[in-house]
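Novice: If you scroll down you'll find the structure; I have some questions about it.
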Amino acid sequence: MLEDNYNHLEIEDKIYDFWEKEKLFQPKKNNNKNYFSIVIPPPNVTGSLHMGHALNNSIQDLLVRFYRLKGYETLWQPGTDHAGIATELVVEKKLKEKNLSKNILGREKFLKEVWEWKEHSGNLIINQLKKLGSSCDWTQTRFTMDKDMSSAVIKVFLELYNKKLIYKDLKLSNWDPVLKTAISDLEVEQKEVNGKLYYIKYFFNKIDFITIATTRPETVFADSAIAVNPKDNRYKNLINKFAKIPLIEKSIKIIADNYADPNHGSGAVKITPAHDFNDYEVGIRHKLEKINILEPDGKLNNNCPKKYQGIDRLEARKLIVEDLKLGDFLEKEESIKHSVPYGDRSNSVIEPYLTEQWFLNVKKLSSDALKAVKNKKTTFFPETWTKTYNLWLKDIKPWCISRQIWWGHQIPIWYGDNGKIFAAANKEDAQKKADKFYKKKNSYIKQDLNVLDTWFSSSLWPFASLGWPNKTYNFKRFYKTSVLVTGFDILFFWVARMMMMGLFVTKKVPFDKVYIHALVRDEHGQKMSKSKGNVIDPLELIKKYGADALRFTLMSMASPGRDVKLSEERVKGYRNFLTKIWNVSKFCELNNCNSNLENSINNVKLEVNQWIINEYIQTRNNIDIHMQAFRFDEASREIYNFVWNTFCDWYLEFAKSIFYSNDQDKIKETKKVFGFIFSKILISLHPFIPFVTEELWNKLKFMDFFKSPLINFTNNKEIKIIKNNNIQMINWLIKIVGLIRSTKVILQVSPGNFVDICVDNLSKNKKDFLDRNFLIFKKASRVENLFKKDEKNENILSLYSEGDAILIKFSTEISLKEQIAKVKQKIDVIKNNINISKGKLANKSFINKAPKDIVDKEKDILKNLVNDLNQLESIISIKN
RNA sequence: GGGCAUGUAGUUCAGUGGUAGAACGCUACGUUGACAUCGUAGAGGUUGCAAGUUCGAUCCUUGCCAUGCCCACCA
């Protein structure tokens, strides 16, 4: 027996263990060409599940389960990402608690710590994904720092290096002084802040000076010129003269360059090639000296006066401004709003900093990536993201791929004496190369200390996680992958780079389609953040309402191109849906509705049973259409409406009437159909709410019957719509029931009261239909008997709807006041509609230009309206 | 500065060139047989504003307004 209430806490873990133990997440090999594969966006190994993951993985699991049930050979490839900087920060924080630091430990010991941390906490996120119901093939789980993944990374690096697409360069890069590493352009966030613009005087002699404006006065020591616009008449005569940098009295030249904007600041700008990207370019044009004034940690170095050395640049700024004031070098200061670059991980001010870094020439790779999307080898959904993708790739800059941290793939480059470079897959190979070059044994080599940007290995994920470069079954069978499901926030970081690398390495696009979902926000549309305190923890919701409820909520709200605004109320609502389904199955069990019908569906005779079969097929077809179009919101709505509004509200009630009758044939057939459709419902619902459906499949013995757990039940015999026009008339019957019910409410007759009706004025077809289906009609409408139309009684009323007329007789006195008022209201509405309709039909252009079926439809509408109007008016005249 | 979205019921969102839909919420009422985590009925709309195309626009076009996001730059 089924328990009274659905208890997700007991069931979800139990069901998950069952799936996992039975190895039901592994691809079921088939010999047809249909396969479906997804690689998971690997979560950070040290991360924990947030609402974005919940949405992302619910969508993936929905797709994977949907296609698995369709009989596709299906793989969901899982894994985690080593997340270089993020993980290093976490471990460093841990060390700090123990009064340790990575520098105290040294590289080797530190990395050991990180590995230990990974072993210790790396399964957390995976276990959380399991809570959600994710049906990944965990036996294939990969980690981006695993041996295989690492050798894939090195192989690709060397290939790119040998093609000269990876190169080393000394130039300005974004430098994070807290993390003490270079970062890529993408990792820099511009933030609008309140700052000051300082106007500083550079003197030519004791009296004359030129004023420049800067937001960064601390960089004066790095100045190597002052630029003015050659067309700027104010400064024309100063070009090629020398002015002195305040505080250090160093002379720098005034140069002419179009970069100087006469309308900006004072029109004269100081040029600091080593600390500003634009100035760097100017410096190259004018062959200016690059003076670096910062230590890697952002403190001023010995290129600055002693007084400021060792002081952080932001602190030094204040000191220098004070000193400029004292020396009368400061003309004025202005408060301004300007944007300042911040590191997305450390949240510190990023410095343009002159260092030697490794770069990947992505420009060369981008053209194939653009072409592939243009030729629709890969398509985006929603399509509009294509534009964003194109825009970014068209204007792509070299990717700085080296990081001065320790946790990551160390760059496979070795240096010999004099900095001679040996690129090799491992130390032995490098040694051999070096020895050959230096013509001696055990020549000195040292590996490059840098590691690769985490996104470098991530960009290889679709093929490397499937086993490349080995010719594994999974790689051959499942690449290119079917869909990539991801958020728009990593479109550049990840998606575009995977496209480039995938095409470069495998010559194939890594995925057929890219589904881009939006952000999950709170119910007011606010971004969830710890500081706002509006973070909804998916695990808490799962605990409270079940993973199924959370999943269904997320799917129902996953409308394309829109953020998901999540409120707990919604989750509660869908929890109720689960309860509803649970209760249907109790009904199913109570009435022994469990049978296979697939082979005898053509023998179903009752119209109501034929009707529900057709309604189901229609629903299933619609779900298929929506799923293929990535309309998970529409798909979930479709099944929700069918289950609740069609199956429960009507069919189940109809079935009751039959079950409680004496007609054994009808009972037998209806029980079969009820069980059959319910089993189909469980199948259709399973991708959305896998736990409860699997549990019920099992409990209702569908599993015994179909010889398969629901998760990979694929023996779906095609069932077809039953062709019989009368079946549709169940919907008409439902409308008549509604008419009787609402009439009772208007007249304030208790809904429990029975009435008699007269249907003599209906068409023969409808009368016959009602007669055949009187059993189910009777209970739903609470109609006791039929009466003849010549009967006279005070309590008889006519009801009209769309050309149908029935009489209704109440057993008690009724007050018609309410009804009359209602009818008058209705008459007004109809009159108004008649006017609109008449106006349309009187319009010659409409008649001539509108399509014929529209005009005919309009004529029909008018006919029905006039008909209803006449009948309604006759009621009023009688009752008055 | 450039670009991309989004404005529809109280709220969150669908949808359609031909009489505007759902869920939640709200109101009233409860028919013994799965379910009160329920059922029945109902109220609720100038589809952001304006112009254009059209026989007809909520839908297509343009402009404006509002909101959100992305990219670039800002001495």
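The values are calculated or read from the model by the stated rules, or taken from the named source; none is laboratory data. Computed from a predicted model, the values in this text were never measured in an experiment. Every residue, glycine among them, receives a Cβ derived from its backbone with ideal geometry; neighbour counts consider all protein chains shown.
Novice: Looking at segment A:214-304, what strands (runs of 3 or more DSSP E) fall wholly within it and have at least 1 residues that are under 21 Å from A:Asn174 (Cα atoms)?
Specialist: Where strands (runs of 3 or more DSSP E) fall fully within segment A:214-304 and carry at least 1 residues being under 21 Å from A:Asn174 (Cα atoms), they are A:268-271.
Novice: Tell me which of these A:Asp453 doesn't satisfy, since it passes every other one: (1) surrounded by fewer than 22 Cβ atoms within 10 Å (Cβ to Cβ); (2) among the charged types (D, E, K, R); (3) touching a residue at least 60 places away in the same chain (Cβ under 8 Å).
Specialist: Answer for A:Asp453: the failing condition is (1).
Novice: Report, ordered by the first and then the second residue, all pairs with beta carbons closer than 8 Å, sequence separation of six or more or different chains, a first member in segment A:419-431 that is without any contact (Cβ under 8 Å) to a residue 60 or more places away in the chain, and a second member that is part of a strand (DSSP E or B) and polar (S, T, N, Q).
Specialist: A:Lys427/A:Gln447; A:Ala430/A:Gln447
Novice: Would you confirm whether or not segment A:22-34 contains a residue that is farther than 21 Å from A:Gly467 by Cβ, more than 16 Å from RNA strand B (Cβ to nearest atom) and either surrounded by 22 or more Cβ atoms within 10 Å (Cβ to Cβ) or touching a residue at least 60 places away in the same chain (Cβ under 8 Å) (or both)?
Specialist: yes
Novice: Sort out for me the helices (runs of 4 or more DSSP H) sitting completely within segment A:423-475 that have 2 or more residues that are in contact with a His (Cβ under 8 Å, 6 or more places away or on another chain), among the aromatic types (Phe, Trp, Tyr) and at pLDDT 90 or above.
Specialist: Working: elements: A:427-438, A:454-458, A:461-464.
Counting at least 2 such residues, we get no helices (runs of 4 or more DSSP H) at all.
Novice: Give, as residue ranges, the helices (runs of 4 or more DSSP H) completely inside segment A:657-756 that count at least 1 residues that are within 16 Å of RNA strand B (Cβ to nearest atom) and either within 30 Å of A:Gly71 (Cα to Cα) or out of contact with any helix residue (DSSP H, G or I) (no Cβ under 8 Å at 6 or more places or on another chain) (or both).
Specialist: It comes to A:664-685, A:690-699, A:729-746.
Novice: Which of the residues that make up segment A:191-212 are over 42 Å from the mean Cα position of the chain (by Cα) and touching a residue at least 12 places away in the same chain (Cβ under 8 Å)? Before the answer, list the steps.
Specialist: Within segment A:191-212, the first condition is being over 42 Å from the mean Cα position of the chain (by Cα), and the residues that meet it are A:198-212.
Result: A:Tyr198, A:Tyr199, A:Ile200, A:Lys201, A:Tyr202, A:Phe203, A:Phe204, A:Phe209, A:Ile210, A:Thr211, A:Ile212.
Novice: Taking the conditions exactly as written (at pLDDT 90 or above, away from RNA strand B (no atom under 12 Å from the Cβ) and touching a strand residue (DSSP E or B) at 6+ places or on another chain (Cβ under 8 Å)), does A:Phe277 satisfy them or not? Reasoning before the result, please.
Specialist: Details: at pLDDT 90 or above: yes; away from RNA strand B (no atom under 12 Å from the Cβ): no; touching a strand residue (DSSP E or B) at 6+ places or on another chain (Cβ under 8 Å): yes.
No, not satisfied.
Novice: Which condition breaks for A:Lys191 when tested against (1) at pLDDT below 90; (2) more than 30 Å from A:Ile490 (Cβ to Cβ)?
Specialist: Single failed check for A:Lys191: (2).
Novice: Taking only segment A:563-597 into account, find how many residues are in a loop (DSSP other than H, G, I, E, B) and hydrophobic (A, V, I, L, M, F, W, C).
Specialist: 2
Novice: Looking at (1) surrounded by fewer than 17 Cβ atoms within 10 Å (Cβ to Cβ); (2) in contact with a Leu (Cβ under 8 Å, 6 or more places away or on another chain), which is the one condition that is false for A:Lys94?
Specialist: Condition not satisfied by A:Lys94: (2).
Novice: Within segment A:214-230, can one find any residue that is away from RNA strand B (no atom under 11 Å from the Cβ) and aliphatic (A, V, I, L, M)?
Specialist: Yes: segment A:214-230 contains one or more residues that are away from RNA strand B (no atom under 11 Å from the Cβ) and aliphatic (A, V, I, L, M).
Novice: Taking A:Pro352 as meeting all but one of (1) at pLDDT 90 or above; (2) out of contact with any Asp or Glu (no Cβ under 9 Å at 6 or more places or on another chain), write down the number of the exception.
Specialist: (2)
Novice: Let me ask something additional. Six or more apart or on different chains, Cβ under 6 Å: which pairs go from a residue in segment A:591-607 that's of a type in the set (A, V, I, L, M, F, W, C) to one that's part of a loop (DSSP other than H, G, I, E, B)? Could you list them?
Specialist: The qualifying pairs are A:Ile601/A:Ile719.
Novice: Go through the residues of segment A:58-79 one by one and say whether even a single one is under 30 Å from A:Asn592 (Cα atoms), crowded, with 17+ Cβ neighbours inside 10 Å and within 16 Å of RNA strand B (Cβ to nearest atom).
Specialist: There is no residue in segment A:58-79 that is under 30 Å from A:Asn592 (Cα atoms), crowded, with 17+ Cβ neighbours inside 10 Å and within 16 Å of RNA strand B (Cβ to nearest atom).
Novice: Among the numbered criteria (1) surrounded by 15 or more Cβ atoms within 10 Å (Cβ to Cβ); (2) away from RNA strand B (no atom under 15 Å from the Cβ); (3) modelled with pLDDT of 90 or more, which one does A:Ser367 miss?
Specialist: It is condition (1) that A:Ser367 fails.
Novice: Evaluate segment A:291-309: report whether one residue or more is modelled with pLDDT of 90 or more, within 12 Å of RNA strand B (Cβ to nearest atom) and acidic (Asp, Glu).
Specialist: So far as segment A:291-309 goes, no, none of its residues is modelled with pLDDT of 90 or more, within 12 Å of RNA strand B (Cβ to nearest atom) and acidic (Asp, Glu).
Novice: Name the residues in segment A:209-264 that are among the acidic types (Asp, Glu), surrounded by fewer than 23 Cβ atoms within 10 Å (Cβ to Cβ) and out of contact with any helix residue (DSSP H, G or I) (no Cβ under 7 Å at 6 or more places or on another chain), would you? Spell out how you get there, then give the answer.
Specialist: Filtering segment A:209-264 down to residues among the acidic types (Asp, Glu) leaves A:218, A:223, A:232, A:249, A:257, A:261.
Now narrow it down to the ones that are surrounded by fewer than 23 Cβ atoms within 10 Å (Cβ to Cβ): A:232, A:249, A:257, A:261.
If the condition is that a residue be among the acidic types (Asp, Glu), surrounded by fewer than 23 Cβ atoms within 10 Å (Cβ to Cβ) and out of contact with any helix residue (DSSP H, G or I) (no Cβ under 7 Å at 6 or more places or on another chain), then A:Asp232, A:Glu249, A:Asp261 are the ones that fit.
Conditions tested, residue by residue: (1) assigned to a strand (DSSP E or B); (2) within 24 Å of A:Leu170 (Cα to Cα); (3) within 16 Å of RNA strand B (Cβ to nearest atom).
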site: A:Asp328; (1), (2), (3): no, no, no
site: A:Lys337; (1), (2), (3): yes, no, yes
site: A:Tyr342; (1), (2), (3): yes, yes, yes
site: A:Thr355; (1), (2), (3): yes, yes, no
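Novice: Right, here's the next one. What's the number of the condition A:Pro560 fails, among (1) assigned to a loop (DSSP other than H, G, I, E, B); (2) in contact with a Leu (Cβ under 9 Å, 6 or more places away or on another chain); (3) within 15 Å of RNA strand B (Cβ to nearest atom)?
Specialist: Of everything listed in (1) assigned to a loop (DSSP other than H, G, I, E, B); (2) in contact with a Leu (Cβ under 9 Å, 6 or more places away or on another chain); (3) within 15 Å of RNA strand B (Cβ to nearest atom), A:Pro560 misses just condition (2).
Novice: Output the residue which, of all residues in segment A:370-420 that are within 16 Å of RNA strand B (Cβ to nearest atom) and in a strand (DSSP E or B), is modelled with the lowest pLDDT.
Specialist: A:Phe381
Novice: Please enumerate the residues belonging to segment A:163-198 that are part of a strand (DSSP E or B), surrounded by fewer than 19 Cβ atoms within 10 Å (Cβ to Cβ) and near RNA strand B (Cβ under 9 Å from one of its atoms).
Specialist: Residues satisfying the conditions are A:Val188, A:Glu189, A:Gln190, A:Lys191, A:Glu192, A:Gly195, A:Leu197.
Novice: Sticking with this one: Regarding A:Leu55, is this residue modelled with pLDDT of 95 or more, crowded, with 24+ Cβ neighbours inside 10 Å and closer than 28 Å to A:Asp633 by Cα?
Specialist: The answer is no for A:Leu55.
Novice: Inspect all residues belonging to segment A:124-142 and state whether any of them is in contact with a Lys or Arg (Cβ under 8 Å, 6 or more places away or on another chain), buried (at least 17 other Cβ atoms within 10 Å of the Cβ) and small (Gly, Ala, Ser).
Specialist: yes
Novice: Still on this structure, I have one more. For segment A:478-493, what are the residues that are touching a Pro at 6+ places or on another chain (Cβ under 9 Å), in a helix (DSSP H, G or I) and over 22 Å from A:Glu73 (Cα atoms)?
Specialist: A:Ile490
Novice: If you check A:Ala425, A:Ala430, which single one turns out to be over 24 Å from A:Asn56 (Cβ atoms) and surrounded by 22 or more Cβ atoms within 10 Å (Cβ to Cβ)?
Specialist: On the way: A:Ala425 fails: surrounded by 22 or more Cβ atoms within 10 Å (Cβ to Cβ).
Matching residue, one of A:Ala425, A:Ala430: A:Ala430.
Novice: With A:Glu523, A:Glu540 as the choices, which residue is near RNA strand B (Cβ under 10 Å from one of its atoms) and of a type in the set (D, E, K, R)?
Specialist: Criteria check complete, one pass: A:Glu523.
Novice: For residues that are in contact (Cβ under 8 Å) with a residue 24 or more places away in the chain and near RNA strand B (Cβ under 7 Å from one of its atoms), tally how many sit in segment A:579-588.
Specialist: 5
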